[in-house]
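The values are calculated or read from the model by the stated rules, or taken from the named source; none is laboratory data. The structure presented is a predicted model; accordingly, all values stated were derived computationally and were not measured. Because the Cβ atoms are built from the backbone with ideal geometry, glycine has one as well, and the counts that use them run over all protein chains shown.
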Amino acid sequence: MGRVCWTFAVLWWLAFVSAVPAWGTEVHDVRLWRAPDHTRVVFDLTGPAEHRLITLENPSRIVLDISDVSLKASLASLKLDKTPIGTIRSGIREGDDLRVVFDMSEEVKPRSFALKANQQAGDRLVLDLYDLQAASQSEPQPVRKQVDANGRRDLIVAIDAGHGGEDPGALGPNRLREKDVVLAISKELFRLFEQDSGFKPTLIRSGDYYVSLKGRRDLARQRQADLFVSIHADAFTKPQANGASVYALSTKGATSTAAGYLAQRENAADLVGGVSLSDKDDVLAGVLADLSMTSTLDTSLKMGGRVLSRMDTIARLHKRSVEQAGFAVLKSPDIPSILVETGFISNPSEARRLNTRSYQKQMASAIHSGIRDWFSQHPPAGTLLAWQKQQGAQQYTIARGDTLSGIAQRFNVSVTDLKSANGMSGTRIMVGQTLKIPTS
């Protein structure tokens with residue numbers, strides 16, 4: 001009798017276990033990001049999981065079926081305003097599969113892909129919903145080279161705030177995020193160039209969303225940029241590391257161990273930001289060979305030197321010369337490109353400064369002045385700056401740290417001629433003041 005009872009108990013237990021969903025993986029967090037042309041939803045998983053994407057009409061719905069997964073995160077907290085998503089709901093399907101339904105208020109083109117766990121993030125499932133309608137007028141419109149009737153165009157400066165969205169970049173004390181700091185500096189740099197005649201700035205990233213490294217270069221090329229400047233904040237394992245730096249591409253190898261380490265870290269951004277395998281960049285050797293045969297890299301190095309000298313007036317430099325490494329974001333064969341590390345966010349003292357509005361403005365002003373210095377002396381043909389230089393009507397805006405003698409030396413004119421051209425009796429100048437530069 002005892003054996004019969006024991007057998008019955010085992011059979012009952014097996015039947016009970018088979019009736020309970022065998023969830024092995026959990027969705028422990030769900031996040032949503034809005035970019036100018038798409039909405040991204042990210043599911044953080046405790047392990048890998050298979051999924052299927054389904055589109056339904058009348059009414060429009062996007063369905064995501066995830067196998068053997070339980071939902072432990074809240075969907076109600078996601079902010080759906082300014083997205084094409086009306087509501088999000090979930091349920092259990094076929095015993096142990098999770099079904100997430102997106103009720104759409106606008107038509108979209110969906111795409112989903114899985115991201116394997118890496119050193120910086122766990123397993124993730126990404127759903128991208130690409131807009132079919134034109135981008136909102138509130139979003140920055142693509143910039144194009146516009147030539148006036150006299151053949152004088154503006155210089156287009158593509159300003160790239162590193163990281164964004166899923167990728168916070170380096171983290172400083174009190175959870176200070178690189179992506180937030182560099183976006184603030186980039187927006188200030190945009191504002192400064194927007195006030196300049198002869199320049200037309202464009203932001204590669206205007207909000208908190210991720211753009212792939214290849215996508216950043218592609219946007220700069222689509223907008224016909226004359227310069228690509230990528231803004232970052234450095235980090236190192238030791239908090240004592242400090243100082244600002246400027247980098248250009250290397251076609252051979254890093255100029256220092258630190259430069260190589262930094263390039264490796266920055267190039268891994270796509271792993272954190274979330275890029276589908278189909279979007280991975282495949283840079284051909286021919287592109288790098290072409291780079292070495294043109295003046296693009298030489299211009300990048302020289303312009304970077306001007307920016308570095310300006311940064312020296314407001315910050316301690318990590319290196320006093322432009323360093324080089326294989327940064328993927330700088331691999332444009334036809335656009336001079338530099339990467340500016342505004343300081344070490346991992347250094348408590350520099351992190352405090354980087355987190356202040358005043359220092360962000362100072363850093364943006366230094367970068368702006370360095371770029372202006374270069375283009376004022378070496379304006380591309382057909383630009384307004386080139387015409388002004390030919391006419392002897394070049395102008396210069398005073399930046400912090402400038403002196404009248406220093407400006408005269410930079411433009412190869414005498415202090416006396418500079419004062420005469422501007423009706424000045426003394427040598428006192430003010431930040432933001434515009435000077436006419438006489439013909440040397």
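Residue 205 - would you say it is surrounded by 22 or more Cβ atoms within 10 Å (Cβ to Cβ), assigned to a loop (DSSP other than H, G, I, E, B) and at pLDDT 90 or above? Full working, then the answer.
Numbers: surrounded by 22 or more Cβ atoms within 10 Å (Cβ to Cβ): yes; assigned to a loop (DSSP other than H, G, I, E, B): yes; at pLDDT 90 or above: yes.
Taking the combined requirement at face value, the residue satisfies it.
Condition check ((1) of a type outside the set (Val, Ile, Thr); (2) in contact (Cβ under 8 Å) with a residue 60 or more places away in the chain; (3) buried (at least 23 other Cβ atoms within 10 Å of the Cβ); (4) assigned by TED's automatic domain parsing to the domain that holds residue 186) across all residues:
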site: 310; (1), (2), (3), (4): yes, yes, yes, yes
site: 317; (1), (2), (3), (4): yes, yes, no, yes
site: 356; (1), (2), (3), (4): no, no, no, yes
site: 382; (1), (2), (3), (4): yes, yes, no, no
site: 396; (1), (2), (3), (4): yes, no, no, no
site: 401; (1), (2), (3), (4): yes, yes, no, no
site: 411; (1), (2), (3), (4): yes, no, no, no
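Suppose we filter the stretch 241-257 for residues that are outside any strand (DSSP E or B), at pLDDT 80 or above and more than 13 Å from residue 344 (Cα to Cα); how many remain?
Count: 1.
So if I check each of 93, 111, 89, 99, which one is touching a residue at least 60 places away in the same chain (Cβ under 8 Å) and basic (Lys, Arg)?
So the residue among 93, 111, 89, 99 that is touching a residue at least 60 places away in the same chain (Cβ under 8 Å) and basic (Lys, Arg) is 111.
Residues that are at pLDDT below 80 and among the charged types (D, E, K, R) within the stretch 388-421 comprise 389, 400, 410, listed in sequence order.
Would you point out the residue of the stretch 422-440, among those that are aliphatic (A, V, I, L, M) and at pLDDT below 85, that is nearest to residue 198 (Cα to Cα)? Before the answer, list the steps.
Here is the first cut: in the stretch 422-440, the ones aliphatic (A, V, I, L, M) are 424, 429-431, 435, 437.
If we keep only those that are at pLDDT below 85 too, we end up with 431, 437.
Values: 431: 20, 437: 15 Å.
Only one residue fits best here, namely 437.
Among the residues of the stretch 193-218, what is the count of those that are hydrophobic (A, V, I, L, M, F, W, C) and farther than 23 Å from residue 301 by Cβ? Break it down into steps so the answer makes sense when it comes.
Within the stretch 193-218, the first condition is being hydrophobic (A, V, I, L, M, F, W, C), and the residues that meet it are 193, 199, 203-204, 211, 213.
Adding the requirement that they be farther than 23 Å from residue 301 by Cβ leaves 203, 211.
Total satisfying the criteria: 2.
Looking across the stretch 178-201, the residues that are in contact with a helix residue (DSSP H, G or I) (Cβ under 8 Å, 6 or more places away or on another chain) and among the β-branched types (Val, Ile, Thr) come down to 181, 185.
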